[in-house]
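Below: one structure, written as structure tokens.
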Amino acid sequence: MHVNDKVALVTGAARGIGMAIATRFAREGYKVVMLDLNPEIEQAAQALKVAGYEVRPVCLDITDEAAVRTLAERLDDWWPKLCILVNNAGISPKHEGKKRDVMDIPLEEWRRVLDVNLTGTFLVTKMCLPTLKSRGWGRIVMITSQAARTRTPVPGAHYSATKSGMTGLARVLAGEVARFGITVNCVAPGRVESNMTAAVGSEVNAQLVGSIPAGRMGRAEEVAAAVAFLVSEEASYSTGAVIDVNGGSFMP
Ligand SMILES: NC(=O)c1ccc[n+]([C@@H]2O[C@H](COP(=O)([O-])OP(=O)(O)OC[C@H]3O[C@@H](n4cnc5c(N)ncnc54)[C@H](O)[C@@H]3O)[C@@H](O)[C@H]2O)c1
């Protein structure tokens, strides 16, 4: 299948890692659906359109099942060509730049993190799967986290629980859909420069960099490069796998 016939959907694409993945895909010739809850997704997509790429913005909340169900009609002729999904949208709440300990996490915050990071991923994946199956070729990538691989000091327990949950979801799904030519893999970033990591402040980030063998934080484009490999034709025999992108800060 030629790259021009492939539509890729990237969630959380208004900024950060999602934006870098959408940009990388657009440059490689895929048609890209950029989805985000933030209305700034319109400007983000416009910038790529102006540069001559084929992209479409979709503004919706992935936790809203009814809204997720409208994806097919919103994308009309692009929908049947969908064969790549990157579940990237996610949240990691901080309070005055710090995580809350388990005892201090209000149920409402716990539920929202589970809703966005895990249930939202499930809803979008479920919506897209029949189309991927009908194409007989598909790639699903979950952007998980180092927090799903080992203990990390910065994110809260709800965040780590959801990223571990996404890894489990990927593993089971990979087994279920391999016979349809669909692979399901995870990319687990360490500390990458973005709005999410800026929330703890530059002092904390500088301190954390001290324990990263590469001696710096990662760039969103470095995560996008791993995703680009996993969605390529060449990655056809990799499924249920996790690629760490963390500058050496976790080596299993
Ligand atoms: N930056 C890091 O160091 C790092 C490390 C490990 C994992 N990650 C993961 O990478 C992904 C992207 O993170 P980032 O650093 O670019 O963060 P970010 O906060 O810059 O971007 C996240 C995007 O997701 C969108 N989003 C949030 N909730 C949504 C919802 N309900 N529906 C639709 N869109 C929604 C936001 O509007 C935002 O544009 C996240 O899943 C995050 O957990 C990031």
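The values are calculated or read from the model by the stated rules, or taken from the named source; none is laboratory data. Note that the structure is predicted; figures quoted are calculated from it, not measured. Here the Cβ positions follow ideal geometry from the backbone for every residue, glycine too, while neighbour counts run over all protein chains shown.
A few comments on the model shown:
- Of all residues in the range 137-152, those satisfying the criterion of being more than 20 Å from MET19 (Cα to Cα), assigned to a loop (DSSP other than H, G, I, E, B) and touching a residue at least 40 places away in the same chain (Cβ under 8 Å) are TRP137, ARG149, THR150.
- Total residues in the range 95-117 satisfying the condition of being within 20 Å of the chain's Cα centre (by Cα) and away from the ligand (no atom under 11 Å from the Cβ): the figure is 3.
- Considering only residues in the range 78-94 that are within 10 Å of the ligand (Cβ to nearest atom) and assigned to a strand (DSSP E or B), the one that is farthest from PHE122 (Cα to Cα) turns out to be VAL86.
- If the condition is being crowded, with 17+ Cβ neighbours inside 10 Å and hydroxyl-bearing (Ser, Thr, Tyr), then the range 192-241 contributes SER194, THR197, THR239.
- Members of the range 135-148 found to be buried (at least 21 other Cβ atoms within 10 Å of the Cβ) and either at pLDDT below 95 or more than 15 Å from the chain's Cα centre (by Cα) (or both), listed by number: GLY138
- Scanning the range 213-243 for residues that are within 15 Å of GLY138 (Cβ to Cβ), among the aliphatic types (A, V, I, L, M) and part of a helix (DSSP H, G or I) gives VAL227, LEU230, ALA235.
- Subset of the range 155-188 (residues that are touching a residue at least 60 places away in the same chain (Cβ under 8 Å) and assigned to a loop (DSSP other than H, G, I, E, B)): PRO155, GLY156
- Failed criterion for ALA199 (all others in (1) of a type in the set (A, V, I, L, M); (2) modelled with pLDDT of 95 or more; (3) within 16 Å of the ligand (Cβ to nearest atom) hold): (2)
- Meets criteria (part of a helix (DSSP H, G or I), more than 16 Å from the ligand (Cβ to nearest atom) and over 22 Å from VAL3 (Cα atoms)) for GLU42: no
- Selection from the range 194-212 of residues that are more than 29 Å from GLU28 (Cβ to Cβ), outside any helix (DSSP H, G or I) and of a type outside the set (A, V, I, L, M): GLY201, GLY210, SER211
- When the range 169-193 is filtered for residues that are farther than 14 Å from PHE122 by Cα and among the small types (Gly, Ala, Ser), the ones remaining, listed by number, are GLY175, ALA178, GLY181, ALA188, GLY190.
- Test: residue in the range 127-134 that is crowded, with 21+ Cβ neighbours inside 10 Å, in contact with a strand residue (DSSP E or B) (Cβ under 6 Å, 6 or more places away or on another chain) and part of a helix (DSSP H, G or I): yes
- Qualifying positions in the range 165-180 - within 22 Å of ALA225 (Cα to Cα), of a type in the set (Gly, Ala, Ser) and over 14 Å from the mean Cα position of the chain (by Cα): ALA174
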